[in-house]
Structure formats: C-alpha cells, structure tokens
Amino acid sequence: MMAKFSNAPAAAGHSSNTGNEIVVFSIIRESACTECGAELCKGSLLRVEGERPLCLTCADLDHLVFLPRGDTALTRRASKHSTLRAVVVRFSRARKRYERQGILVEEAALERAEQECLADAAARERARGRAAQHRDESDTLYIKEFAKRLGELFPRCPAPERQAIADHACQKHSGRVGRSAAAQSFDPKAIELAVRAHVRHGHTNYDQLLAGGMDRMEARTSVRDAVEEVILRWRTAVDCA
Ligand SMILES: [Zn+2]
C-alpha cells in the first residue's frame, strides 16, 4: 500500500507566478512512485502529475542535476542555459508553507554557468567535487561495463553518446543504493530504457515541449517516431567492410 500523499499537490498553485514552471517536491514523508513502484524515502525528489506521485526517472527529469539555492548568479545563469528546468520545494512544518530549495537544470547548463562564474570560488569547489565523484574507481568500472554492453546492443550508437549514457546510468546507480543492483542495471531492458531516455532528451524536441508546458504523455507521443528512428538506426549491426 502506498504511503498517503497529501502534502504536495496544492503547492504548484500557491505561488502566484509559476506559469509553466515544473515543480518538484523534496518530500518530508515516505512515498512511492505510482508508475514504477520505487519507494521514495524522506528527502527524495518527486513530481506530482495529476494526483500521482512520480519518481524523477518516471517523470523524465532524472537527467537534470540539483543546484541548491543560495548562489543567485549561478542559479540565474544555469536557468538561462537550461532548456528544461524544475523548481525544488519542500514543505516547512514550522512555517506551514512550501519553501524553495533550489532548481534542477541540465548538467551542461550548470557547467556552463559555473564556467561563467569562475570568479566565484564556491562554484569552482562544486565543479571539483563533481569531477572527483566521476573519477571514483568503482564508478569507472561500472561505466566501462555499461558502455560495453550498450555497444553490443546498439553498435551504431556513437562512442561519445555511449559514454554519456553510461555516465548517467552510473550516477543514478551510485545515488540509489538498494534500488538498482549493478546486475539489474546491465539488463538489456534497463540499458534500452537508458538509451531511450537519452535519445528522447538529446535527439528530439521533447525537453522543449515539456518546458513549454505540454503534458508529458502528449509530449512522449509527439516524439515517439523520432525516438524509434534513432533506436532502429543504432541497433543496426555495423557492416563488415
Ligand atoms: Zn518511478
């Protein structure tokens, strides 16, 4: 039975000027994703679609990275460079209102913003922190294995994109202890899901559609053919020359 989810749905309408802004909740009690069933512990990020709580993977937002509030210049620049952006809020029991925690933006947008803010030592520190995370040895092995299996399934997927998909899968893997065991995430189905998500975000106008306020299911339908085309092409075996 899913945890009752009563603390979030009202929030999106509270703020006067949200427009098409996507709101993500940092939850203060346990919940579960209604699509994949993942248990979401306190502090997890969750999107509410209709009345249904969704984990960020099912909400197609898990390619975004979290930028905590506090650095105005960085936040402004990262927002500017990110096609898709979500605002993270958390309910304060003491003050009985939702409070902004930060934003979710594309990693490339954050990196670009950080470069622009190089004068800011804190931003440099964050960039170093993320680089170090990427260099972790077990991560390196994981990424290598994931990229290898991916290459077997999608021989025509270009190497840099293989790397990007594997990097992302690894971040998810590292961040979700107990959810996706390594063996599970090397499963062909899991790899295909990761590739599809990558294609949707990187090879179609899906993120623009979401950013423009289009319903997620409608947006998915609209890009389906474009995704299939890339998937088919990448699956084709490389000719022996
Ligand atoms: Zn889910």
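Give me a count of the residues in the stretch 51-82 that are surrounded by fewer than 18 Cβ atoms within 10 Å (Cβ to Cβ) and either within 16 Å of the ligand (Cβ to nearest atom) or under 13 Å from the mean Cα position of the chain (by Cα) (or both). Residues that pass the stated criteria total 3.
With respect to (1) within 25 Å of Glu21 (Cα to Cα); (2) in a helix (DSSP H, G or I); (3) of a type in the set (A, V, I, L, M), the lone exception for Ala131 is condition (1). Report yes if Gly102 is in contact with a strand residue (DSSP E or B) (Cβ under 8 Å, 6 or more places away or on another chain) and at pLDDT 95 or above, otherwise no. Yes, satisfied. Of the listed requirements (1) farther than 27 Å from Ile165 by Cα; (2) under 18 Å from the mean Cα position of the chain (by Cα); (3) part of a helix (DSSP H, G or I), Ala109 misses just one: (1). Considering only residues in the stretch 31-43 that are under 23 Å from Glu99 (Cβ atoms) and surrounded by 14 or more Cβ atoms within 10 Å (Cβ to Cβ), the one that is nearest to the ligand (Cβ to nearest atom) turns out to be Leu40. Any chance the stretch 20-28 includes a residue that's part of a loop (DSSP other than H, G, I, E, B), surrounded by 14 or more Cβ atoms within 10 Å (Cβ to Cβ), near the ligand (Cβ under 9 Å from one of its atoms) and outside the structural domain of Gln208 (by TED's automatic domain parsing)? So far as the stretch 20-28 goes, no, none of its residues is part of a loop (DSSP other than H, G, I, E, B), surrounded by 14 or more Cβ atoms within 10 Å (Cβ to Cβ), near the ligand (Cβ under 9 Å from one of its atoms) and outside the structural domain of Gln208 (by TED's automatic domain parsing).
The values are calculated or read from the model by the stated rules, or taken from the named source; none is laboratory data. Since this is a predicted model, take the numbers as computed values, not measurements. Because the Cβ atoms are built from the backbone with ideal geometry, glycine has one as well, and the counts that use them run over all protein chains shown.
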